[in-house]
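Inspection log for the structure reproduced underneath, given as structure tokens.
The values are calculated or read from the model by the stated rules, or taken from the named source; none is laboratory data. Quick caveat: nothing in here was measured; it's all calculated off a predicted structure. Positions of Cβ are backbone-derived with ideal geometry, glycine not excepted, and every protein chain shown enters the neighbour counts. Note: accessible area is taken over every heavy atom of the protein model, side chains too, but ligands, DNA and RNA are not part of it. Shrake-Rupley method; radii C 1.70, N 1.55, O 1.52, S 1.80 Å.
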4 protein chains.
Amino acid sequence: MPRPGPRQVLIRVRANAISHREGMILSGTYPLPVKPGLVPLCEGAGEVVAVGEEVRRVRPGERVAANVFPRWIDGPLRWEVTDQLGSSVDGLLTEYAVLDEDALVHIPEHLSYTEAAALPLAALTAWNALTGVRAPGPGETVLILGSGSVSLFALQFAKLAGARVIVTTSCEERAERLREMGADATVDYHKVPDWPDVVRALTGGRGADHVVEVAGDLRRSLRAVALEGQVSYIGFWLAGPDARPVDCATLFFSGCLVRCVAIGSRSQFAAMNLAVEEHLLRPVLDRVFGFEEAREACDYFLSGRRFGRVVVSHE
Amino acid sequence: MPRPGPRQVLIRVRANAISHREGMILSGTYPLPVKPGLVPLCEGAGEVVAVGEEVRRVRPGERVAANVFPRWIDGPLRWEVTDQLGSSVDGLLTEYAVLDEDALVHIPEHLSYTEAAALPLAALTAWNALTGVRAPGPGETVLILGSGSVSLFALQFAKLAGARVIVTTSCEERAERLREMGADATVDYHKVPDWPDVVRALTGGRGADHVVEVAGDLRRSLRAVALEGQVSYIGFWLAGPDARPVDCATLFFSGCLVRCVAIGSRSQFAAMNLAVEEHLLRPVLDRVFGFEEAREACDYFLSGRRFGRVVVSHE
Amino acid sequence: MPRPGPRQVLIRVRANAISHREGMILSGTYPLPVKPGLVPLCEGAGEVVAVGEEVRRVRPGERVAANVFPRWIDGPLRWEVTDQLGSSVDGLLTEYAVLDEDALVHIPEHLSYTEAAALPLAALTAWNALTGVRAPGPGETVLILGSGSVSLFALQFAKLAGARVIVTTSCEERAERLREMGADATVDYHKVPDWPDVVRALTGGRGADHVVEVAGDLRRSLRAVALEGQVSYIGFWLAGPDARPVDCATLFFSGCLVRCVAIGSRSQFAAMNLAVEEHLLRPVLDRVFGFEEAREACDYFLSGRRFGRVVVSHE
Amino acid sequence: MPRPGPRQVLIRVRANAISHREGMILSGTYPLPVKPGLVPLCEGAGEVVAVGEEVRRVRPGERVAANVFPRWIDGPLRWEVTDQLGSSVDGLLTEYAVLDEDALVHIPEHLSYTEAAALPLAALTAWNALTGVRAPGPGETVLILGSGSVSLFALQFAKLAGARVIVTTSCEERAERLREMGADATVDYHKVPDWPDVVRALTGGRGADHVVEVAGDLRRSLRAVALEGQVSYIGFWLAGPDARPVDCATLFFSGCLVRCVAIGSRSQFAAMNLAVEEHLLRPVLDRVFGFEEAREACDYFLSGRRFGRVVVSHE
């Protein structure tokens, strides 16, 4: 059992979530350096069991989650705070973890640990995309690609903010679930390869004010975005090396802002949690595994298509 | 019957709204110059009956409203575009009005003329306050003072944008209506003169992220706003010369941004209408008078407290 | 001699500038529709000789230039104001032109018509890039690619704003002129194909806070930009269809904001002119031709490398 | 000799600066709580002599200054990081101080310790005012009130950023020094009590785009600011309880943004230091005292008018 030093906190981890990032790390395709021998997994939630000297932000018994970038507190991302749990420093697939108090946020009261573990990566990425530079609101249209984890959170957050949401998906069953979650329109990108035209038609020709680009189909996103709109670019992760390059004409004539989004700061995490708590939002969980089944959870995650997050619960 | 020149539009006015501004103009207390002999009233909605040469933005038969600043198209307010309908140029209490096409916006489809006439001044002021510099969203708290016209729209818009809303009011009946409209909490400022403390208690000590200051009680608003929050300052109009001055310590230690809000641009008006249309929002109308009753409408407006707008319908 | 209608202005054109855009229009490679039979050239400056009714913004005898987007007054670019002089409406290679007063700005007092004609396209593009979303200032580094017209203005404006400037160039003579104009460092992109590494070395590893991308080498620009920095993307025009596509990994890991910049609004033009006037800035002119030599001016422009603008003077 | 704990740094303090804040603390008029028995003075610069475990940001031998808010790292000010050196935690009038590494910035290379000690309070306040929300640049006018410490830095920073600067002062000798430092115009507020009119005349009627309000004369500042301009409100400190309250009409009709500015974050401090270093800027020092003369330095500071900072050097 580790002991927390000054400003450190000992956490009993209660749940972890599995993401595409972890799949890449496992398979050796993660495009950033991964230190060997680290505790894996960047997402987790747990209970404070002990605090070191001078800790002010949390107390034993409180329920917390850690920011994936444990040193990124506020403001823009800077190189000096790019440590990441589970790749450059120890992650959270463990019973007890010691973390700096500066890495922690309190988790929303209405969420279980299992649910809270689903927030640090996918939810915060969606939150940063939709609030970081230009926040879409009522009267604006957000285009979301597919129904991956980031997309589902983006749909939930965009609806909270009063925006109209269009989602692309190739599966009618998913389309139905997305509409139940609040999607105002869905577009089948298999049936309609020129789906940017549909988005334009649905927006009176203007295009979407904001595109949450998680599919690696940046060229189509650029054709679907409004002049002076924003494309939040996250999608490279899913498409990987197969993502098609972007020709410069499509980029230029989009007349938009492309913003590369890398999860978020602890301060953004705390702001997101206020929204989640206020609106009693719950993450969509696809399946929950036990702590002993972490490997199976990973295999399940990698084996096919999910709708919502795959979580490992220690309880 | 006037004829529209190039880029001008002839409108058959169908409804007008009466605001505190018009009361001040009538009573000679409006703090800006008023040209004598002008057609009064800055708010109205009507039908395009004819268009001059080169008009591109509207067509006969379309339903439109005019921006109160007919020359303020987009971007920040500048002196060169501060003409105002009904005080420096002709207003809209008339059967037929000729306006520049640049002054016009299309009105939301689901609204009657009577409802649409309620938007140009009060709604656009609330919209500009809540979207112009820092737009509050989910997880943030908006404090709204009282239940005047701007306040009611601010409540509607803040709720659309996912914010939590606290409203001050001194009347339980109004408090109930405000809660029905979505207010998350109401505070009785008569019973609790130190209502800023209540706002702080309701926000975990932080204060409101955004205050829509329409009551001329800026000192209390400054005590209720969060550090680095925003006070949208509109309130001088209601309190008039009796508004209490603000001591510099209260201002400084608020640590906030005070933004003086002057209605909005045509482009903001159009953006607001998209939101109104998307969410099928309707203005709260207190009472509708006939065209012949314009004077009574004004008297009624001035005579007491209302809940919602007083409109003159020409139909 | 045309007569100005209401809100129109008759201008005696005194000078025009020639840009890459005009070369593309002449050679049929301009990637936007060009209406046949129009007066060509989007850049010009001249004297007001007559004004129509209701004109308020200018008076006969005043010296003015027209905005390339004559209907884009303020705020962000929107489709409804994308008319362009010389491609969708008549341009300025003419003795007398009639323009809406809304299209005009006064030119800085210290500039001749010949100099003023050099501002509307290249200077305003540089100005919009450097002031439109994130304006670099003292302590920040701006990277400028090459010594084309936009680059020279970007260098001048970035220095005015107190930024440090690095410019890439492949010619030592040009490098010297750039340093004379204020460039803090120059990098020879022929000798050092991995010039982004040099930029990083010159900025303590951070990269440039702002890149004015005019060379169509977006991939290298993305490697040279700082995390959360901005790339102002203008460069497609020069590289044309040969611009190399951008792979998604380079884009994503730049962690930056890519903003597509399309000249600017009239209001930005006016703001730029205030800066130009205050600092007595002069555009770099490469060569001035007479009105009768417009064709030669074009040929000269297209024939080789210049340093500064090619202008046609009617005087 | 204290020992630094984990993430702490032992600093040999080499110089301190004295500000109005310290005068208020000494005289018991500081409007925020002051813990008794603390080491006084919030401004200082020194040398790192030892570092605790896990310290990454600095090394022994490096020259550093501490942020006045030692826990405010980046992003907006929040209550949880409002500790202040010298009032709620130990300050720097001491030979050796232990500080968190998070509180420190490296000082610009060309500055002596004596000069560097002049930056943390006055310079960072001016920097935050001029870069925090709306940064004035070329073509814009900054109005600066008087020639106190914040004003002198504001003048230097505004000139670096290419803005035009107008300064009010009541003393011709000071006016001359201000013009030598780059002020484009000075206005004698004694001879011309209606100096806002002069500012308007000097700006073509528009008013100043940015006012650095350090004099407690907010009403006049509001009359001098441009529509949609910014007043950075700092001035309460100098005028103290005598600052005249602001009437609501003057505030509203200014049509501006009033921003209350409270020094700045460590990240802003680092950004400022980059600018100071790049431009080899030096603070204006009025007089330098020895460490043993700290009390005399305070008396001198309080006794009269200075031009520049009063510093205590330990060397």
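Kindly establish whether A:Asn16 is among the polar types (S, T, N, Q), more than 14 Å from every other protein chain (Cβ to nearest Cβ) and open to solvent by less than 40 Å² (accessible area, probe 1.4 Å).
Answer is yes for this residue.
Being open to solvent by 10 Å² or more (accessible area, probe 1.4 Å), hydroxyl-bearing (Ser, Thr, Tyr) and assigned to a helix (DSSP H, G or I) is true for just one of A:Thr94, A:Thr114. Which residue is that?
Only one candidate qualifies: A:Thr114.
What residue, among those in the range D:143-157 that are within 14 Å of chain C (Cβ to nearest Cβ) and touching a residue at least 40 places away in the same chain (Cβ under 8 Å), is most open to solvent (accessible area, probe 1.4 Å)?
D:Gln156
Being small (Gly, Ala, Ser) and open to solvent by 60 Å² or more (accessible area, probe 1.4 Å) is true for just one of A:Ser27, A:Ser88. Which residue is that? If you could, list the steps in order and put the result at the bottom.
Working: A:Ser88 fails: open to solvent by 60 Å² or more (accessible area, probe 1.4 Å).
Only one candidate passes the filter, namely A:Ser27.
Looking at (1) open to solvent by less than 10 Å² (accessible area, probe 1.4 Å); (2) within 27 Å of C:Asp188 (Cα to Cα), which one does C:Ala135 not meet, given that it meets all the others?
Condition (1) is where C:Ala135 drops out.
Residues checked against (1) within 13 Å of chain C (Cβ to nearest Cβ); (2) open to solvent by less than 50 Å² (accessible area, probe 1.4 Å); (3) under 18 Å from the mean Cα position of the chain (by Cα):
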site: B:Asn67; (1), (2), (3): no, yes, yes
site: B:Glu80; (1), (2), (3): yes, no, no
site: B:Asp83; (1), (2), (3): yes, yes, yes
site: B:Val105; (1), (2), (3): yes, yes, yes
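Inspect the range D:208-215 for any residue being under 19 Å from the mean Cα position of the chain (by Cα) and open to solvent by 20 Å² or more (accessible area, probe 1.4 Å) and give the result as yes or no.
Looking through the range D:208-215, at least one residue is under 19 Å from the mean Cα position of the chain (by Cα) and open to solvent by 20 Å² or more (accessible area, probe 1.4 Å).
If you go through the range C:50-73 one residue at a time, how many are of a type in the set (Asp, Glu) and within 21 Å of B:Val55 (Cα to Cα)? I'd like the intermediate steps shown before the answer.
So in the range C:50-73, the residues of a type in the set (Asp, Glu) come out as C:53-54, C:62.
Right, trim to within 21 Å of B:Val55 (Cα to Cα) and you get C:53-54.
Number of matching residues: 2.
How many residues does the range A:190-221 contain that are away from chain C (no Cβ under 14 Å) and free of Cβ contacts under 8 Å to residues at least 40 places away in the same chain?
So the answer is 10.
Name the single residue, out of those in the range B:270-296 being touching a Pro at 6+ places or on another chain (Cβ under 7 Å) and crowded, with 22+ Cβ neighbours inside 10 Å, that is nearest to the other protein chains (Cβ to nearest Cβ).
For the range B:270-296, the residue satisfying everything is B:Ala275.
Show me the strands (runs of 3 or more DSSP E) found entirely inside the range B:117-205 where at least 2 residues are touching a Gly at 6+ places or on another chain (Cβ under 9 Å).
Of the strands (runs of 3 or more DSSP E) lying wholly inside the range B:117-205, those with at least 2 residues that are touching a Gly at 6+ places or on another chain (Cβ under 9 Å) span B:141-145, B:164-169.
Could you go through the range B:227-250 and let me know if any residue there is at pLDDT 95 or above, open to solvent by 20 Å² or more (accessible area, probe 1.4 Å) and either under 15 Å from the mean Cα position of the chain (by Cα) or more than 20 Å from A:Gly139 (Cα to Cα) (or both).
yes
Scanning for something of a type in the set (A, V, I, L, M), within 14 Å of chain A (Cβ to nearest Cβ), open to solvent by 30 Å² or more (accessible area, probe 1.4 Å) and touching a residue at least 24 places away in the same chain (Cβ under 8 Å), does the range B:162-169 turn up at least one residue?
Scanning the range B:162-169, I find no residue that is of a type in the set (A, V, I, L, M), within 14 Å of chain A (Cβ to nearest Cβ), open to solvent by 30 Å² or more (accessible area, probe 1.4 Å) and touching a residue at least 24 places away in the same chain (Cβ under 8 Å), so the answer is no.
Of the residues D:Tyr96, D:Tyr30, which single one is away from chain A (no Cβ under 14 Å), touching a residue at least 24 places away in the same chain (Cβ under 8 Å) and under 21 Å from B:Gly255 (Cα atoms)?
Details: D:Tyr96 fails: under 21 Å from B:Gly255 (Cα atoms).
Criteria check complete, one pass: D:Tyr30.
Go through the range A:176-228 and give me each residue that's β-branched (Val, Ile, Thr) and more than 19 Å from A:Ala158 (Cα to Cα).
Within the range A:176-228, A:Val192, A:Val198 qualify.
Report whether or not C:Pro60 is surrounded by fewer than 19 Cβ atoms within 10 Å (Cβ to Cβ) and away from chain B (no Cβ under 14 Å).
When the stated conditions are applied, C:Pro60 passes them.
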